[in-house]
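Some notes on the structure that comes next.
The values are calculated or read from the model by the stated rules, or taken from the named source; none is laboratory data. In this text the structure is predicted, and so the values were computed from the model without any measurement. Counting neighbours? That spans all protein chains shown, and the Cβs are built from the backbone with ideal geometry, glycine included. Quick note on the areas: whole protein, heavy atoms, side chains included, nothing else; ligands and nucleic acids left out. Shrake-Rupley method; radii C 1.70, N 1.55, O 1.52, S 1.80 Å.
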Amino acid sequence: MIIKTPTHYFLVFGASEGFTPLNAFDGALLSAGIGDTNLVKMSSIVPPRCQQISPVPLPAGSLVPTAYASITSDVPGELISSAVAVALPKEPHYPGLIMEYSARGSRAEIEETVRRMALEGMRLRMREIKDLQSIAVEHKVQKVGATLAAVVLWDREDVG
Amino acid sequence: MIIKTPTHYFLVFGASEGFTPLNAFDGALLSAGIGDTNLVKMSSIVPPRCQQISPVPLPAGSLVPTAYASITSDVPGELISSAVAVALPKEPHYPGLIMEYSARGSRAEIEETVRRMALEGMRLRMREIKDLQSIAVEHKVQKVGATLAAVVLWDREDVG
Amino acid sequence: MIIKTPTHYFLVFGASEGFTPLNAFDGALLSAGIGDTNLVKMSSIVPPRCQQISPVPLPAGSLVPTAYASITSDVPGELISSAVAVALPKEPHYPGLIMEYSARGSRAEIEETVRRMALEGMRLRMREIKDLQSIAVEHKVQKVGATLAAVVLWDREDVG
């Protein structure tokens, strides 16, 4: 079956320098604890009743559906940030919404924007919000830098 | 099993304004009826004997393999369009081809281009065409706008 | 189950001209032998004990997790290249690392870069390398050209 609905999720972030933009991104994934998995990027819903958990080690090389924001820069001194927000509905049978945002700027700015994005998305769905979570990370570029913030979706049977 | 072959597909389109480009994209997904799913972008084949259906509601938060074109713009007054085309072969044991195209311009222009792209792709495969389907949408940007056209792939067991 | 760990992999590359950038990309996929599948792009790990095989025909329209580099150009005369590298660890219970790189430039340059990227990634993981594989392809653009290099992940049960 190609279509499955994840049952758990967790939030992680990371930042890194690297030899190339992709190496910096790889380093950011490693610092987030998800560097040895195969992330499959997806747009950005928390299924109904999907449970938040603390980050767990994922099997090396497994395919992991993930909503993430990432940015790389090779401008020394530049401040880059990534953030994700998760808006959960009051009605537990509705899905929640994930928003991602990366840009030049401080962690505080980028996180504020992504939180407002999630609020806007729930307003558009006319869903009342029970909880608004977010994480964000900033990094000052030395040579080539990357930041990453991610919501990792996971499946019950694989959580110990 | 990680690799599965979809059995059904349907075409949708949408357009929206939004607070940010991602919010506009999210609004376009909602107006297309697929805003509460986790789209996984893929390159762009209709499996042999895959059946077209009318759009069906997808489970909230499910992972949905989708071929799509999308464009966002923050230039007020700009006309943006997205289109997808599906070329189906005469020989039913061959796969069909999906092409996606987004650009500034009118719906008619962009749809004509995507249809020609699908014809070219089938010509390259030396496959005769039984049917050429397409959908397209245009949007005149007010502040931040997005358009989306998509071919959603789906699995038999999940279609009622 | 949404998360699965691939058991086999193979390397392919291709290049093509095309009517549009997407048609050129499609042609590059065809010349690589994976043009009739639905590639799902992922970040870039070889699971522990995943076995390299010769390229096999994949079921038409199947969903195929793939790490790839691709570039398109519409500048006549420009030389574009794509490369992937796979670094495998000495310890068989650790995962390997895939790196992808595309740019203007010759095959030799781009392949050298991607190999160094993979070495850096393994160094960052403090893993000794048993083997470093790579493939690369270059293409001189006539009108609209594309190159592609890919590591295709696959599942044991589907290999004859």
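Rolling a 1.4 Å probe across all protein chains gives B:MET42 an accessible area of roughly 10 Å².
Shape class of segment A:86-142 from the Cα gyration tensor (axes a ≥ b ≥ c, square roots of the eigenvalues): prolate, since a/c reaches 1.5 or more and a/b is larger than b/c.
Considering segment C:27-66, its Cα convex hull presents a mean projected area of 3.3 nm².
Solvent-accessible area per residue in chain B equals 40 Å², computed with a 1.4 angstrom probe and all protein chains kept. Considering only B:ILE45, B:ILE34, B:ILE53, give the residue with the highest GNM mean-square fluctuation for chain B, with springs between Cα atoms whenever their separation is below 10 Å. Highest fluctuation of the listed residues: B:ILE53. The mean number of partner chain beta-carbon atoms within 10 angstrom of a residue's beta-carbon across peptide A:43-53 is 5.
Between copies, the label points at A:GLU128 (set 7 angstrom from Cα along Cα-to-Cβ) are spaced 6.2, 6.2 nm, reported in nanometres from shortest to longest.
Taking all protein chains together and a 1.4 Å probe, the residues C:ASP74, B:ASP26 rank C:ASP74, B:ASP26 from largest to smallest accessible area. Please work out the C-alpha center-to-center distance from segment A:59-133 to segment B:95-160 and express it in whole Å. So the two Cα centres are separated by 29 Å. Extending 7 Å from Cα along the Cβ direction at B:GLU128 and again at C:HIS93 yields two label points whose distance is 5.9 nm. Accessible area per residue (1.4 Å probe, heavy atoms of protein chains only) ranks A:LYS140, B:LYS4 as A:LYS140, B:LYS4, with the largest value leading.
In this structure, the residue pairs whose Cα-Cα separation is over 21 Å, taken from C:LYS4/C:LYS90; B:LYS41/C:LYS4; A:LYS143/C:LYS140; B:LYS41/B:LYS130; A:LYS4/B:LYS4; B:LYS4/C:LYS41, are C:LYS4/C:LYS90; A:LYS143/C:LYS140; B:LYS41/B:LYS130.
Between A:GLU111, A:GLU78, A:GLU138, the residue with the greatest mean-square fluctuation in the GNM of chain A (Cα pairs under 10 Å linked by springs) is A:GLU78. Between the Cα long axis of helix B:21-32 and the first principal axis of chain B there is an angle of about 50°, rounded to the nearest 10.
Summing Cβ point charges (Lys, Arg +1; Asp, Glu -1) relative to the Cα centre of chain B gives a dipole of roughly 440 debye. Of the residues B:PHE25, C:PHE13, the one with the largest accessible area comes first in the ranking C:PHE13, B:PHE25, computed with a 1.4 Å probe on protein heavy atoms. Between 0 and 90 degrees, the angle of helix C:107-124 with respect to the longest Cα principal axis of chain C falls at about 30 degrees. Looking at the square roots a ≥ b ≥ c of the eigenvalues of the Cα gyration tensor of segment A:43-135, which shape do they give, rounded for a/c under 1.5, prolate if a/b is larger than b/c, or oblate? Note, shape of segment A:43-135 comes out oblate. For chain C, the 222 nm mean residue ellipticity estimated from helices alone, with every DSSP H stretch of n ≥ 4 adding -39500 (n - 2.57) and the total spread over all residues, rounds to -6000 deg cm²/dmol. So for segment B:1-128: antiparallel DSSP bridges make up what percent, rounded to the nearest 5? Given both bridge residues lie in segment B:1-128, the antiparallel proportion sits at roughly 60 percent. Leaving ligands and nucleic acids aside, the B/A contact buries around 2200 square angstrom of accessible area in total at a 1.4 Å probe radius. In chain A, the beta-carbon sitting nearest the axis that superposes A on C belongs to the residue given here with its distance in angstrom, A:VAL40, 3. Taking all Cα-Cα distances within segment C:1-155, those exceeding 26 Å account for 25%. Most simply put, the protein assembly as shown has about 85% antiparallel DSSP beta bridges, counting only bridges with both residues inside it. Could you list log10 I(q)/I(0) for segment A:19-91 at q = 0.13, 0.15, 0.27 Å⁻¹, which the Debye formula gives when each Cα is one point scatterer? Each listed q maps to, in turn, -0.50, -0.65, -1.46. Expressed as a fraction of 2.2 N^0.38 Å, the C-alpha radius of gyration for segment A:47-86 is 1.68. Among the protein heavy atoms of chain B, carbon and sulfur supply 51% of the accessible surface, probe 1.4 Å, non-protein parts ignored.
What does the C-alpha gyration tensor say about the overall shape of the protein assembly as shown? Classify as rounded when a/c is under 1.5, otherwise prolate if a/b is larger than b/c, or oblate. It is rounded, given that a/c, with a ≥ b ≥ c, falls under 1.5.
Here the protein assembly as shown is assigned +1 on the Cβ of each Lys and Arg and -1 on the Cβ of each Asp and Glu. Its dipole about the Cα centre then comes out at about 280 debye.
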